[in-house]
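Worksheet: the structure to be examined is printed underneath.
Here, each number is a calculation from the coordinates, and none is a lab measurement. What you see is a predicted model, and the numbers here were worked out from it, not measured in a lab. Every residue, glycine as well, gets a Cβ built from its backbone with ideal geometry; the counts of neighbours run over all protein chains shown.
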C-alpha cells in the first residue's frame, strides 16, 4: 500500500516537473502563436483595418477570391516562385560541393570552413547594402566587367536583372548554412563503407554516387525543405533593395513584402491575413510533396 | 593529370573563399576611405581613416541602435537558451501526459511562417502598449521551436545512467538539469547560442514592424533608414554595415569549434 502511494506521488511529481519545464514554451506559443493564428484566420474572412476595428465586417471568402484576380499578388507569387526555383537547387549544389571540399584533407580546413560560413552569420540588411555598393552602376563589379569589355547592367535597378541579383545575393549569404548541415551528415557516414568500396575497386565518382549520395538522402531532404521554406518567405533583401516598394516595376515584389505592404501601409489587414494563409498552404503542400518523393524522411 | 586536377581543385577552394570574403574586404576598405576618394578604386593607404566610424557614432544614433540591438539580443538569446533547453529536456527525458502531443506541436508549428501571425501579434502588442518598447521586441521571441527540437535531439544522446545515479543520490529533477545535464550540453548550447544570437541580432522584419521612432530602432532597422537618406555616402554606409556585421562574426569565431560537432550530435539533419 505504502509503496503504491509513494509511486503514485513520484509519478505525479514527475509529471508536474515536466509541465513546469514546458511552461515557458506553452505560455509563449499560446499567446504569440496559436492565439494570433486563430485570430488571423478569423480576420482573413473580414474586411478589417487596425485603424478602425469598429468598421470591420464579414465578407466570407471575398479576400481569398480577390487574391486570384489581384495582378500584384500574382506577380509577387510568380517572383517568389522564380526566386525559389533559382535559389534552392543552386544553393544546395554549391553547399554540397563546399561540404565535400571542407570534409576532404585540404590544408587550412578550418580557415575555409569559417570563410565559407561567414556570409551566413551576416545580417541580410548589411549584405544588401554591401551588394548594392558592389553592384552599383559604376561599382567594383561593373568596373571589373569593363576590363573584359563587358558593359554591366544596373543590376538591382534593372527590371530584368533585379530579381536575379537578389537571388545571387541570397545564394551567396545562405550557402554556408546548408554546407554545415551537409558536413555534419558527411562526418556521420561510416568510413568502413568507403574502405570496403575501395577494396572492391570503386573509383571516386562511383563512391560518391553509390555511397555518399544515398547516405546523405535524409539530409538532402532536410536541407531541401528548409531551403524551400526559407525562400518562400523572402523579404529582407527585397525590402532593402527596393526601399520597400518591390520595384522597379514590381520586379522584386515578393509575397511577404506584399503582405507587409498590404497589412501595414494600406492597413488592409484582413486581406493581408488571407494572403499569409495562402502562403502557408503553399509551403505546407510543397513540404508534403517532398516528403512523398523522399518517403523515408528524417522526422 | 593528377597534379592538374589538384591545382584546379585548389583554385576552386581559394576562389570561393575570395567570393565569400571579398565583399567584406572591399566594404571594410571603403568604410576607411575619406569621402573625397570614394569615386576612385585606388586605395591610398596613407589616407585611410576611422573618421566614418566616428561620424556615424557621434553625428548619427548608431551607438544607440547598437545598444538597443545588444540589449534585445542578450535578453532573447538568454531566454531561448534557458527555455528551449528546459522544454527540450522535458521532451527527451521526463514522462508526463500529453508529451507526444506537445512534441508534435513543436514540429508542426515550425512549419508556420511567422508572417501569418504578423497582423494579430502587432494588434496584441499595441493593445498591451508594447509597440516601440523593449518588451515588444523581446517577450514574444523568448522561445523557439527550432531551438527546442535541437536541444531535445541532443538530450536524447546523453546516457541515462548519469541521471539515474544522481537520482539515487537524492538530487531533484531541477538539480539534475542544471548541475549535470546542462554542463554536458556545451556543444548543443554553443550551436544554439550561435543560431539564436545571430538570428535575433540580424532580425529585420519584426523590429521594423515593432519600432516607430529612431531611438528604439535596432541596428538593422537603423542601418536601413540611414542608407535610405545617405546612400551617396558609401563610406559611412559601409562603416554602419561593418558595425552591424562585426559582433556576429566575432561570436561565430569564438564558438565555431563547437559548431559542427554541435550540429552533428544534435542530429539536426
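Per residue of A:128-138, what is the mean number of Cβ atoms on other protein chains within 10 angstrom of that residue's Cβ?
5
Using only the Cα atoms, work out Rg/Rh for the range A:2-43, with Rh taken as the Kirkwood radius, to two decimals.
Rg/Rh for the range A:2-43 comes to 1.37.
In peptide A:29-41, what is the residue-averaged number of other protein chain Cβ atoms found within 10 Å of each Cβ?
Averaged over the peptide's residues, the number is 6.
Taking neighbour Cβ counts within 10 Å as the exposure measure, how do A:261, A:243 sort from fewest upward?
Sorted ascending by nearby Cβ count, the order is A:243, A:261.
Compute a Gaussian network model of chain A, connecting alpha carbons closer than 10 Å, and tell me which residue from A:203, A:79, A:268 fluctuates the most.
Comparing A:203, A:79, A:268 in the GNM, the peak value goes to A:203.
Percentage of Cα-Cα pair distances in the range A:68-294 greater than 22 Å, rounded to whole percent?
Distances greater than 22 Å cover 60 percent of the Cα pairs.
How large is the direction-averaged shadow of the alpha-carbon convex hull of the range A:144-240, in nm²?
The orientation-averaged projected area of the Cα hull of the range A:144-240 comes to 9.5 nm².
Between rounded, prolate and oblate, where does chain B land on the alpha carbon gyration tensor, with a ≥ b ≥ c its root eigenvalues, rounded for a/c under 1.5, else prolate if a/b exceeds b/c?
oblate
With a Förster radius of 45 Å, plug the Cβ-Cβ distance of residue A:144 and residue A:26 into 1/(1 + (r/R0)^6) and report the FRET value to the nearest 0.05.
Once rounded, the FRET efficiency stands at 0.25.
Run the quick spin-label model on residue A:50 and residue B:35: label points 7 Å from Cα toward the beta carbon, then report their separation in nm to one decimal.
3.6 nm
Considering every residue in A:278-286, what mean count of other chain Cβ atoms within 10 Å of its Cβ is obtained?
That works out to 2 on average.
From the alpha carbon gyration tensor of the range B:50-156, can you work out the equivalent ellipsoid semi-axes (sqrt of 5 times each eigenvalue) and give them in Å, largest to smallest?
35, 18, 11
Just from its helices, what would the mean residue ellipticity at 222 nm be for chain A, if runs of 4 or more DSSP H residues each count -39500 (n - 2.57) and the sum is divided by every residue, rounded to the nearest 500 deg cm²/dmol?
-23000 deg cm²/dmol
Roughly how many whole Å is it from the C-alpha centroid of the range B:31-60 to that of the range A:12-84?
Taking the Cα centre of each part, the range B:31-60 and the range A:12-84 sit 46 Å apart.
Using the number of other C-beta atoms within 10 angstrom as an exposure proxy, rank A:131, A:205, B:233 with the fewest first.
Fewest-to-most Cβ neighbours within 10 Å comes out as A:205, B:233, A:131.
Separation between the residue A:291 and residue B:11 pseudo-spin-labels, each 7 Å from Cα along Cα→Cβ, expressed in nm?
Here the answer is 4.6 nm between the modelled labels.
How long are the semi-axes of the ellipsoid equivalent to the range B:159-216, from square roots of 5 times the Cα gyration tensor eigenvalues, in whole Å, largest first?
The answer is 40, 13, 7 Å, longest axis first.
If the label point is 7 Å along Cα→Cβ of residue B:214, which residues in the range B:20-55 have backbone nitrogen under 19 Å from it?
B:52-55
Considering all projection directions equally, how large on average is the shadow of the alpha-carbon convex hull of the range B:108-207, in square nanometres?
Mean orientational projected area (the range B:108-207, Cα hull): 8.3 nm².
So what's the range A:1-86 giving for Cα Rg divided by 2.2 N^0.38 Å, two decimals?
2.00
Quick one: B:172, B:69, B:36, fewest Cβ neighbours within 10 Å first, how do they rank?
Sorted ascending by nearby Cβ count, the order is B:36, B:172, B:69.
Tell me, what is the FRET efficiency for residue A:97 and residue A:8 to the nearest 0.05, using R0 = 56 angstrom and their Cβ-Cβ distance as r?
The formula returns an efficiency of 0.45 here.
Rg(Cα) of the protein assembly as shown divided by 2.2 N^0.38 Å?
For the protein assembly as shown, the normalised Cα radius of gyration is 1.03.
Could you check the spin-label model distance between residue A:111 and residue B:19? Points 7 Å from the Cα along Cα→Cβ, value in nm.
2.0 nm
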